[in-house]
Amino acid sequence: MKLVFATNNQHKLDEIKSILGDKFEVVSLREIGCLEDIPETGKTLEENALQKAQYVYDHFHVSCFADDTGLEVDALNGAPGVYSARYASLEHPDNIELGHDSEANMDRLLRELGNNNNRKARFRTVIALIEKKDVCPCGCTSIKQVHQFEGIVEGKIIREKRGGEGFGYDPIFQPEGYDKTFAELGTDIKNKISHRARATEKLAEYLKTFRL
Ligand code: ITT
């Protein structure tokens with residue numbers, strides 16, 4: 001079963017491939033010749049995930065899925081949330097270099113939290129799947145079906161960065177039940193318990209029953 005994963009983030013691609021194993025063939029944007037930066041202008045993770053998948057569906061007419069992920073910190077009223085990728089650059093809109101700068105994003109988060117003792121946070125992933133269903137066996141007409149799957153992992157923000165694996169906010173996020181950050185636990189453990197793993201397991205469960 002072949003599915004395009006609409007992401008420009010190589011770490012996400014590697015994680016999803018490793019979580020799904022060889023049950024499905026996950027194809028990257030580069031492999032289908034999509035080299036554009038897909039717009040993400042939604043106000044929720046749900047909207048952004050769907051926007052990314054819809055972009056690929058509209059341009060390439062294939063079954064595809066996208067994930068949008070946010071880190072929600074209770075003491076910051078759920079920030080950075082849907083703005084996780086651009087958290088540092090929102091403070092300095094003139095500095096485009098800061099977009100997707102994980103170090104700058106983590107620095108801002110640690111600064112905003114300061115000495116606050118409420119460090120509770122969660123990663124939330126929403127996967128949007130757009131299935132192309134051929135109505136005519138020759139493929140001349142088709143309809144699409146849209147599905148969304150959510151995965152959450154609860155945890156806390158520690159006071160300084162620890163660990164060298166993973167990506168994004170992993171060095172400052174410690175999942176519940178562990179005394180190490182995702183960046184210290186490494187990808188094998190992260191891929192068993194993470195937000196992305198939980199959403200991806202639901203996707204895989206759904207896909208098992210269908211032929212794309
Ligand atoms: P695509 O939109 O191309 O998929 P992206 O990196 O922009 O890639 P998101 O918008 O979903 O992905 O990510 C929002 C931010 O959250 C971004 O800064 C990531 O580094 C961070 N992030 C996403 N998943 C993460 C994870 O599993 N661990 C740590 N940080 C993560």
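Checked against (1) part of a helix (DSSP H, G or I); (2) closer than 28 Å to ASP188 by Cβ; (3) open to solvent by 20 Å² or more (accessible area, probe 1.4 Å), THR69 passes all but condition (1).
For region 180-199, the tally of residues that are open to solvent by less than 10 Å² (accessible area, probe 1.4 Å) and more than 11 Å from the ligand (Cβ to nearest atom) stands at 1.
Here is a yes/no grid of residues against (1) within 21 Å of CYS64 (Cβ to Cβ); (2) near the ligand (Cβ under 10 Å from one of its atoms); (3) among the charged types (D, E, K, R); (4) at pLDDT 95 or above:
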{"site": "GLY81", "(1), (2), (3), (4)": "no, yes, no, yes"}
{"site": "ALA88", "(1), (2), (3), (4)": "no, yes, no, no"}
{"site": "MET106", "(1), (2), (3), (4)": "no, yes, no, yes"}
{"site": "ILE127", "(1), (2), (3), (4)": "yes, no, no, yes"}
{"site": "CYS140", "(1), (2), (3), (4)": "yes, no, no, no"}
{"site": "ARG159", "(1), (2), (3), (4)": "no, no, yes, yes"}
{"site": "GLY163", "(1), (2), (3), (4)": "no, no, no, yes"}
{"site": "ASP170", "(1), (2), (3), (4)": "no, yes, yes, yes"}
{"site": "TYR178", "(1), (2), (3), (4)": "no, no, no, yes"}
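Out of the residues in region 101-135 that are assigned to a loop (DSSP other than H, G, I, E, B) and touching a Ser or Thr at 6+ places or on another chain (Cβ under 8 Å), state the one that is surrounded by the fewest Cβ atoms within 10 Å (Cβ to Cβ). The selected residue is VAL135. Scan region 162-179 for residues that are among the hydroxyl-bearing types (Ser, Thr, Tyr) and buried (at least 17 other Cβ atoms within 10 Å of the Cβ) and jot them down. Across region 162-179, the qualifying residue is only TYR169. Here ASN95 fits the description: without any contact (Cβ under 8 Å) to a residue 12 or more places away in the chain and in contact with a Ser or Thr (Cβ under 7 Å, 6 or more places away or on another chain). Looking at LYS17, LYS12, LYS43, which is the one that is open to solvent by 10 Å² or more (accessible area, probe 1.4 Å), touching a residue at least 40 places away in the same chain (Cβ under 8 Å), of a type in the set (Lys, Arg) and not in a strand (DSSP E or B)? Sole residue among the options that is open to solvent by 10 Å² or more (accessible area, probe 1.4 Å), touching a residue at least 40 places away in the same chain (Cβ under 8 Å), of a type in the set (Lys, Arg) and not in a strand (DSSP E or B): LYS12. Only one entry in LYS43, LYS12, LYS23, LYS2 is basic (Lys, Arg) and within 8 Å of the ligand (Cβ to nearest atom), namely LYS12.
The values are calculated or read from the model by the stated rules, or taken from the named source; none is laboratory data. Predicted model, so just to flag it, every value in this text is computed and none were measured. FYI the Cβ positions are ideal-geometry reconstructions off the backbone, even for glycines, and counts take in every protein chain you see. Accessible surface areas use protein heavy atoms only, side chains included; no ligands, DNA or RNA. Shrake-Rupley method; radii C 1.70, N 1.55, O 1.52, S 1.80 Å.
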